[in-house]
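Below is one structure, written out as structure tokens, with a few remarks after it.
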Amino acid sequence: RGPTACSSWMDEEPPWDEGVRTPGSVIHTLDLSNRTVGVAELRRLPASLTCLDLSRCGLESIQALRSLVQLELLNLSYNRLPDVSDIEPLRRLKVLYLRSNRVSSLSTLASLPALHSLDLECNALASLEALQPLWGMPQLTELRLRGNLIPEPAYRR
């Protein structure tokens, strides 16, 4: 099924704080799933991240992630995101999990030239027209849509 969630950090302090790192270390993978993470903490994430799991964090916006331009895998499943309009700078994203959010518009996803796997199950996509931004993405080889509001006859075409 392709890449899965990032490996886990279980430290008491936020794992990206300077005191946790050893000199010369670079964090590439970070799992903050199932935690309450505020905007201030998100803005302090290291720019070196290539894999980030923020599933089940109660997020309503991803604006604070705009500086993480090295990300290749991002898990935002089971949050409260109404849209992904701030995802444009993350042009290296290859895998994006958005399962169980409130996403109804995909227009900014067309700005992700490396995206090849996209999980949109259980969102608020109501028509085939909502998927139109994805049709011009030849690199997109995996698309999951189950549990959306798209009428089944249209979905099965």
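The table that follows gives values for the structure above.
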item: Members of region 101-156 found to be in contact with a Gly (Cβ under 8 Å, 6 or more places away or on another chain) and at pLDDT 95 or above, listed by number; result: S117, E121, C122, N123, E142
item: Qualifying residue in region 64-85 (condition: out of contact with any Asp or Glu (no Cβ under 7 Å at 6 or more places or on another chain), surrounded by fewer than 17 Cβ atoms within 10 Å (Cβ to Cβ) and among the aromatic types (F, W, Y)); result: no
item: Residues located in region 95-113, provided they are surrounded by 18 or more Cβ atoms within 10 Å (Cβ to Cβ) and out of contact with any Phe, Trp or Tyr (no Cβ under 6 Å at 6 or more places or on another chain); result: V95, L96, Y97, L98, R99, N101, V103, L106, L109, L112
item: Among the candidates S85, S61, residue that is modelled with pLDDT of 95 or more and either among the aliphatic types (A, V, I, L, M) or touching a helix residue (DSSP H, G or I) at 6+ places or on another chain (Cβ under 8 Å) (or both); result: S61
item: Per-region count, region 38-56, residues among the β-branched types (V, I, T) and within 15 Å of the chain's Cα centre (by Cα); result: 1
item: Residue among P23, P3 that is open to solvent by less than 80 Å² (accessible area, probe 1.4 Å) and either of a type in the set (S, T, Y) or at pLDDT below 95 (or both); result: P3
item: Every residue from region 70-91 that is basic (K, R) and either in contact with a Gly (Cβ under 6 Å, 6 or more places away or on another chain) or in contact (Cβ under 8 Å) with a residue 60 or more places away in the chain (or both); result: none
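One line per residue, one yes/no per condition, for (1) within 24 Å of E129 (Cα to Cα); (2) in contact with a Cys (Cβ under 7 Å, 6 or more places away or on another chain); (3) assigned to a helix (DSSP H, G or I):
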site: A40; (1), (2), (3): no, no, yes
site: S48; (1), (2), (3): no, no, no
site: L52; (1), (2), (3): no, yes, no
site: A64; (1), (2), (3): no, no, yes
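The values are calculated or read from the model by the stated rules, or taken from the named source; none is laboratory data. Just so we're clear, the structure is a prediction, and the values are computed from it rather than from any experiment. As a convention, Cβ positions derive from the backbone with ideal geometry for all residues, glycine included, and neighbour counts pool all protein chains shown. In case anyone asks, the SASA skips ligands and DNA or RNA and just uses the protein heavy atoms, side chains included. Shrake-Rupley method; radii C 1.70, N 1.55, O 1.52, S 1.80 Å.
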